[in-house]
Amino acid sequence: MLHKKKRKLGAIIINFIMILFSITCIFPIIWMIYSSLKTSPEFNRSIISLPEKPVIKNYIDAFRISHMGTYYLNTVFNAVVSLAIAVFFSYVIAYFLSRFEFKGRRVISFCILFGMLIPVHALLVPMFIQFKNLRLFDQRFSLIIPYVAVAMPFSVFLTESYLNSIPIDMEEAAVLDGSGFIRMLFTIVMPLCTPVLTTVAILQLFTKWWNEFPFALILVSSERYKTIPLGLMNFSSQYSTNYPMKMAALILAILPIILIYICFNKKIIEGMISGAVKG
């Protein structure tokens, strides 16, 4: 009886701690949402209080005055193109590393693992110099090159782990039935890798591309190529900041990521767990 009471008390304490942790995570987003509906004088009077008369003018101004629409399009373009290239090549490379033994395989695997350990900030200065010398600075594709390069090591590593968990019998049966290698690779094996490829795409979108700042800061200078993280800098000046408009811009920036995660969270978890458990 005493043991059951202790377990119940422990469960209550753990639930209470988790609720507090959830509140600390959710409240800043809630605060940003209702602060974005205030006017600037109202926000300056009280940063915690709810808006007296909610307004959507900050969202309109964020798009109209601060060019958020352009930053959105640039970010989406960079993310989609980088996503397609990284997912395609990470799948192909991971398949060859998983299914074939060839000379230099261990060297490639070591380079992929080593690439995951290099901090991004260590690459900024040499990459800036190389892009300047090669005339790749401030171009439409300037950010796509580093985005794909930085995403590849983790993407290949995760995809290879998942492929190792898939039996090779299905591929052998497909070959015996007359299927060519390319057809087998993309119509039989690739659909089986949908969970991990979805996981790779969304994780890279979350952690690398949508909110990426260092590469965008040093490789892009013109307004027509700037992304959302760079655009958010326009809402802060040296002497004053329109916080409600900045909150509106932040909500617009994170909204697509939240929606994507809500729609694909099961596939993310499935892809992460499958490779870890089966592999």
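The values are calculated or read from the model by the stated rules, or taken from the named source; none is laboratory data. What you see is a predicted model; the values in this text were computed from it and never measured. Neighbour counts are summed over all protein chains in view; Cβ atoms, including those assigned to glycine, are modelled from backbone coordinates with ideal geometry.
Quick notes
- Of everything listed in (1) surrounded by 16 or more Cβ atoms within 10 Å (Cβ to Cβ); (2) closer than 30 Å to Val175 by Cβ; (3) modelled with pLDDT of 85 or more, the single unmet condition for Pro191 is (1).
- Qualifying residue in the stretch 54-72 (condition: in contact (Cβ under 8 Å) with a residue 12 or more places away in the chain and in contact with an Asp or Glu (Cβ under 8 Å, 6 or more places away or on another chain)): yes
- Residue under evaluation Ala253, criteria (1) surrounded by fewer than 20 Cβ atoms within 10 Å (Cβ to Cβ); (2) in contact with a helix residue (DSSP H, G or I) (Cβ under 8 Å, 6 or more places away or on another chain); (3) at pLDDT 75 or above, criterion not met: (1)
- Number of residues in the stretch 98-144 that are closer than 24 Å to Thr70 by Cβ and either loosely packed, with under 10 Cβ neighbours inside 10 Å or β-branched (Val, Ile, Thr) (or both) equals 2.
- Among (1) at pLDDT below 90; (2) farther than 30 Å from Ser222 by Cβ; (3) among the basic types (Lys, Arg) - the single one Lys57 does not satisfy: (2)
Condition check ((1) modelled with pLDDT of 85 or more; (2) in contact with a His (Cβ under 7 Å, 6 or more places away or on another chain); (3) buried (at least 21 other Cβ atoms within 10 Å of the Cβ)) across all residues:
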{"residue": "Ile218", "(1), (2), (3)": "yes, no, no"}
{"residue": "Arg224", "(1), (2), (3)": "yes, no, no"}
{"residue": "Thr227", "(1), (2), (3)": "yes, no, yes"}
{"residue": "Cys263", "(1), (2), (3)": "no, no, no"}
{"residue": "Ile269", "(1), (2), (3)": "no, no, no"}
{"residue": "Met272", "(1), (2), (3)": "no, no, no"}
{"residue": "Ala276", "(1), (2), (3)": "no, no, no"}
{"residue": "Gly279", "(1), (2), (3)": "no, no, no"}
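- The single condition among (1) surrounded by fewer than 16 Cβ atoms within 10 Å (Cβ to Cβ); (2) more than 23 Å from Trp31 (Cα to Cα) that Ile56 does not satisfy is (2).
- Residue in the stretch 28-48 that is exposed (fewer than 13 other Cβ atoms within 10 Å of the Cβ), among the hydrophobic types (A, V, I, L, M, F, W, C) and out of contact with any helix residue (DSSP H, G or I) (no Cβ under 9 Å at 6 or more places or on another chain) present: yes
- Of all residues in the stretch 169-178, none satisfies being among the aliphatic types (A, V, I, L, M), closer than 30 Å to Pro126 by Cβ, without any contact (Cβ under 8 Å) to a residue 60 or more places away in the chain and touching a helix residue (DSSP H, G or I) at 6+ places or on another chain (Cβ under 9 Å).
Okay, residues lined up against (1) touching a residue at least 60 places away in the same chain (Cβ under 8 Å); (2) aliphatic (A, V, I, L, M):
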residue	(1), (2)
Arg183	no, no
Thr198	yes, no
Trp210	yes, no
Ile218	yes, yes
Arg224	yes, no
Ile228	yes, yes
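- Yes/no for Pro229 being touching a helix residue (DSSP H, G or I) at 6+ places or on another chain (Cβ under 7 Å) and either part of a strand (DSSP E or B) or not aromatic (Phe, Trp, Tyr) (or both): yes
- Taken as a whole, the structure leaves Pro126 outside the set of residues that are in the same structural domain as Glu223 (by TED's automatic domain parsing) and either under 25 Å from Val76 (Cα atoms) or not in a helix (DSSP H, G or I) (or both).
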